[in-house]
Structure formats: structure tokens, C-alpha cells
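Structure record follows, encoded as C-alpha cells.
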Amino acid sequence: MIRAINHYNLRSEFKMMEILKNFYIEVVGLEMGTRPPFKSNGFWLNAGKKDVLHLSETKKNDENPVNIKNTFDHMAFTAVDKDKYIKILKEREIEFYLRSVPEIGTEQIFFKDPAGNGIELIFCNK
């Protein structure tokens, strides 16, 4: 039985992995976590005390299927201080859009990371 999402992993070349690490810390607000000493390069980023994003270096023989356009759309984070995020995104000239879902009492910000992965920040109105 599944109880929760544990983490998600983004795999890229090392240069992009560094860019993503900085983006998710400086823009999204994750924090550097502790990663076990695996043989490969990578980072674990935390939301609070929980590692939620793993960044891993692409393996030498990694190839993605060419017949699939894309299956990953976005990862959503529960967040606070919507105005702070809007300010950060505007200052960095990161395109975003807002959406309100009054039926469930949330507001959302959608944007993309430097690799094109979607990010959703969810703010509760309660």
C-alpha cells in the first residue's frame, strides 16, 4: 500500500545538475540535504527535514526513448508566502502563471526550471 510520495529524481549532465541545484535552492526554496556517499555524483534537496528531490548525474549509456514526447509534466510543492515567490520569479525574469481554485481553497503558481521541468507551488487560502 502506498502511503506517500517519497521523492522524485531528475537526471542530467553534471553542469545542468549544478544549475538545477542552485535553482531549486534559490528560487523554489529547498535546502541542501545529506546524500549517502554513492559512487555517482548528485545532490539531495530537502523540504524541511525530508529529502524530496534527488539530482543525479546521467549515466554514460543513458538514452531516453525517442518515440515518447514527454510523460513528466510537473512536481507540486505546498508553499507559503505567495508574494515572496512572485517577487523572486519577476526579479529573475522567470515566466509563470497564477491560478486560483476556490473550490478547494488554493492558489497556484506554475513555472519551469532551467531544464524545462514544470513546478507548481500551492498556497492554501485558509
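The values are calculated or read from the model by the stated rules, or taken from the named source; none is laboratory data. Values in this document were obtained by computation on a predicted structure and should not be read as measured data. For neighbour counting, all protein chains shown are included, and Cβ atoms are generated from backbone atoms with ideal geometry for every residue, glycine included. With ligands, DNA and RNA removed, areas are computed over all heavy atoms of the protein, side chains included. Shrake-Rupley method; radii C 1.70, N 1.55, O 1.52, S 1.80 Å.
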**Prompt:** Which number in (1) open to solvent by 30 Å² or more (accessible area, probe 1.4 Å); (2) modelled with pLDDT of 90 or more; (3) among the acidic types (Asp, Glu) marks the one condition that GLU120 misses?
**Reply:** (1)
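Would you pick out the residues in the range 86-117 that are of a type in the set (Gly, Ala, Ser) and either closer than 20 Å to LEU10 by Cβ or open to solvent by less than 60 Å² (accessible area, probe 1.4 Å) (or both)?
Of the range 86-117, the ones of a type in the set (Gly, Ala, Ser) are 100, 105, 115-116.
Listed by number, the residues that qualify are GLY105, ALA115, GLY116.
Does ILE5 fit the bill of being among the hydrophobic types (A, V, I, L, M, F, W, C) and assigned to a loop (DSSP other than H, G, I, E, B)?
Spelling it out, ILE5 is indeed among the hydrophobic types (A, V, I, L, M, F, W, C) and assigned to a loop (DSSP other than H, G, I, E, B).
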**Message:** If I go through the range 71-86 residue by residue, how many of them are under 11 Å from ILE122 (Cα atoms) and either among the small types (Gly, Ala, Ser) or within 12 Å of the chain's Cα centre (by Cα) (or both)?
**Reply:** 5
**Considering residues of the range 4-40 that are among the polar types (S, T, N, Q) and surrounded by fewer than 14 Cβ atoms within 10 Å (Cβ to Cβ) only, the residue nearest to ASP81 (Cα to Cα)** = ASN22
**Prompt:** Has the range 65-85 got at least one residue that is open to solvent by 30 Å² or more (accessible area, probe 1.4 Å), farther than 25 Å from ALA4 by Cβ, touching a residue at least 12 places away in the same chain (Cβ under 8 Å) and charged (D, E, K, R)?
**Reply:** no
**Item:** Inter-residue pairs, beta-carbon under 7 Å, first closer than 27 Å to GLN108 by Cα and free of Cβ contacts under 8 Å to residues at least 60 places away in the same chain and in the range 13-42, second part of a helix (DSSP H, G or I) and among the hydrophobic types (A, V, I, L, M, F, W, C), 6+ apart
**Value:** GLU31/ILE25; MET32/ILE25
